[in-house]
Amino acid sequence: MKNIGLNIEKALGAVTKKQIEALEPKVKKSLEALHNGTGKGSDFLGWLHLPSSIKDADFKEIEKAAAKLRRCKYVVVIGIGGSYLGTKAVVEALNSSFDWLQASRRKNPVLLYAGHNIGEDYLTELRELLDWKKFGIINISKSGTTTEPAIAFRVLKKLLEKNIGKDEAKEYIVAVTDKSRGALRSLAEKEGYKTFVIPDDVGGRYSVLTPVGLLPIAVAGINIRELVKGAADFEKATDISVPFEKNIAAIYAATRNALYNKGMKVEILANFHPKLHYIGEWWKQLYGESEGKDNKGVFPASVDFTTDLHSMGQWIQQGERIIFETVISVEKPDSRLSVPTDRADLDGLNFLAGKRIDEVNKMAELGTCLAHVDGGVPNIKITLPALNAYYIGQLFYFFEKACGISGYVLGVNPFDQPGVEAYKKNMFALLNKPGYEAESKAIRAKL
């Protein structure tokens, strides 16, 4: 079975192979820091050997809980950041684009999401959809006190209890939380909810292969064993024992740092497959939260091609030359569809008649790459042999491993996020949260 591939040839106009290879000692040192636990944030390296450590019993427990939730038409995943983005990325990539509209054919529950915003209209509309229905809730929070998920859970727990009664509601609420402490752990033990543990040593953005992601992904009908197998195989493929020139996570980390050192401050993750949109959203959090600190870091952006070629394409082609592009390419689509012949040919497209849609898309991909490189945008290409759970598992682990390496090469802690607390402190002060009296007084004086 092939692995995902990496090609950096079209990035070599902006940097040379020598400049990339010059970073090899730093990359090796970073890999050693990851594997030996000697770098910053070493308390959060549980993801590193996670795929290979998941046992059959772990799968069975998750699959059993998922089977119960699958009795519901709707299951709401409550979480923010890494507590929902990885799930949504996998589910959107591997399910039908129109699955949620095919009620008569659908075998799996519709996954809905809450707790990732503070939208009153959003929550109201979600309540209206779920009113008088039996639905499942997967509440994901280490502490149980993060504002966005906590508000959503209050609202939806009350609604579910009204719909089916408090005793039955307990059967369809699952808490994914800390193993021993926190508000959600206490509530789950008091109410008797089924629980799964978020490992202490795995941060949210690295948690998709823990119950945080595996449980809702299993509810959506996706083979979590294949997902984890792909990640486990790539755990081996990017191990510290793999030479630099064969370790694509190491090469990717070195290449993006070499480009950053040459003034390329923005990385755009592009795809030519509509189902990969949320892979880009998950990737942005992974790299943005991991590297954006100490006034350093490549800014992660994402685009969906060819759609965004008709909007952002102009800026990418001729805007300020501070960008490079990483393109995810899927070799083989699942379906076969050709361009039909039209007798009138008013649109002038009969020259494409009989060609597969994917062939047209692949030529758009190649043409875009050539145009952007000619326009001064270095291109990195990641190739997935097919869009399935196994290769998505590989892709997730590849990006996680490269992110850890890249953060250490950059000289930051890739496993903390101190800047995320700034808005929370201001928000709590403005809402007059107990204990924030001094901050409230100071911020109101500033306003």
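The values are calculated or read from the model by the stated rules, or taken from the named source; none is laboratory data. Since we're looking at a predicted model, the values are computed, not measured. Here the Cβ positions follow ideal geometry from the backbone for every residue, glycine too, while neighbour counts run over all protein chains shown. Side chains included, ligands, DNA and RNA excluded: accessible areas come from the protein's heavy atoms. Shrake-Rupley method; radii C 1.70, N 1.55, O 1.52, S 1.80 Å.
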Subset of the range 71-84 [in a loop (DSSP other than H, G, I, E, B) and touching a helix residue (DSSP H, G or I) at 6+ places or on another chain (Cβ under 6 Å)]: Gly79, Ile80
May I ask you to list the residues in the range 83-122 that are of a type in the set (Phe, Trp, Tyr), touching a residue at least 40 places away in the same chain (Cβ under 8 Å) and over 20 Å from Gly280 (Cβ atoms)? none
Residue selected from the range 306-317 under the condition assigned to a loop (DSSP other than H, G, I, E, B) and of a type outside the set (A, V, I, L, M), by the criterion least open to solvent (accessible area, probe 1.4 Å): Thr306
Suppose we keep only residues that are within 21 Å of Ile118 (Cβ to Cβ) and either among the hydroxyl-bearing types (Ser, Thr, Tyr) or without any contact (Cβ under 8 Å) to a residue 60 or more places away in the chain (or both) within the range 148-174. Which one would you say is surrounded by the most Cβ atoms within 10 Å (Cβ to Cβ)? Leu160
Looking only at the range 357-380, which residues are out of contact with any helix residue (DSSP H, G or I) (no Cβ under 7 Å at 6 or more places or on another chain) and closer than 25 Å to Ile279 by Cα? Ile357, Asp358, Glu359, Asn361, Lys362, Met363, Ala364, Glu365, Leu366, Gly367, Leu370
Selection within the range 393-447 - touching a Lys or Arg at 6+ places or on another chain (Cβ under 7 Å) and polar (S, T, N, Q): Ser406, Asn413
Taking the criterion of being in contact with a Leu (Cβ under 6 Å, 6 or more places away or on another chain) and farther than 30 Å from Glu128 by Cβ, would at least one residue in the range 74-83 satisfy it? no
Among residues belonging to the range 179-211 that are part of a loop (DSSP other than H, G, I, E, B), in contact with a strand residue (DSSP E or B) (Cβ under 7 Å, 6 or more places away or on another chain) and within 30 Å of Lys284 (Cα to Cα), point out the one that is least open to solvent (accessible area, probe 1.4 Å). Ile198
Restricting the search to the range 76-110, which residues are over 16 Å from the mean Cα position of the chain (by Cα) and either of a type in the set (Ser, Thr, Tyr) or within 23 Å of Thr145 (Cα to Cα) (or both)? Val76, Ser96, Ser97, Ser104
When both residues are 6+ apart or on different chains and their Cβ atoms are under 7 Å apart, which pairs have a first residue that lies in the range 393-422 and is open to solvent by 10 Å² or more (accessible area, probe 1.4 Å), and a second that is of a type in the set (Val, Ile, Thr) and not in a loop (DSSP other than H, G, I, E, B)? Val409/Val27
With respect to Val327, determine if the residue is modelled with pLDDT of 95 or more, within 30 Å of Lys265 (Cβ to Cβ) and surrounded by 19 or more Cβ atoms within 10 Å (Cβ to Cβ). yes
Based on what the data block shows, is Ala249 in contact with an Asp or Glu (Cβ under 8 Å, 6 or more places away or on another chain) and either modelled with pLDDT under 95 or open to solvent by less than 50 Å² (accessible area, probe 1.4 Å) (or both)? no
Can you name every residue in the range 234-245 that is under 21 Å from Leu384 (Cα atoms) and within 25 Å of the chain's Cα centre (by Cα)? Phe234, Glu235, Lys236, Ala237, Thr238, Asp239
Spot the failing condition for Lys2; the list is (1) over 27 Å from Ser329 (Cβ atoms); (2) open to solvent by 30 Å² or more (accessible area, probe 1.4 Å), and only one is missed. (1)
What residue, among those in the range 269-279 that are out of contact with any Pro (no Cβ under 8 Å at 6 or more places or on another chain) and under 22 Å from Glu320 (Cα atoms), is surrounded by the fewest Cβ atoms within 10 Å (Cβ to Cβ)? Asn271
Which residues, taken from the range 172-183, are at pLDDT below 95 and of a type outside the set (S, T, N, Q)? Asp178, Lys179, Arg181, Gly182, Ala183
Within the range 330-344, considering residues that are outside any loop (DSSP other than H, G, I, E, B) and open to solvent by 50 Å² or more (accessible area, probe 1.4 Å), the one modelled with the highest pLDDT: Glu331
Residue that is most open to solvent (accessible area, probe 1.4 Å) [pool: residues in the range 92-110 that are outside any loop (DSSP other than H, G, I, E, B) and within 18 Å of Ser335 (Cα to Cα)]: Glu92
Qualifying positions in the range 53-70 - in a loop (DSSP other than H, G, I, E, B) and loosely packed, with under 15 Cβ neighbours inside 10 Å: Lys55
Take the conditions touching a residue at least 24 places away in the same chain (Cβ under 8 Å), open to solvent by 10 Å² or more (accessible area, probe 1.4 Å) and either charged (D, E, K, R) or not in a loop (DSSP other than H, G, I, E, B) (or both) and apply them to Asp347. Does it pass? no
If we ask which residues in the range 281-305 are without any contact (Cβ under 8 Å) to a residue 40 or more places away in the chain, more than 13 Å from Gly81 (Cα to Cα) and crowded, with 17+ Cβ neighbours inside 10 Å, their number turns out to be 5
The residue from Val242, Val219 that alone is crowded, with 18+ Cβ neighbours inside 10 Å, modelled with pLDDT of 95 or more and not basic (Lys, Arg) is Val219
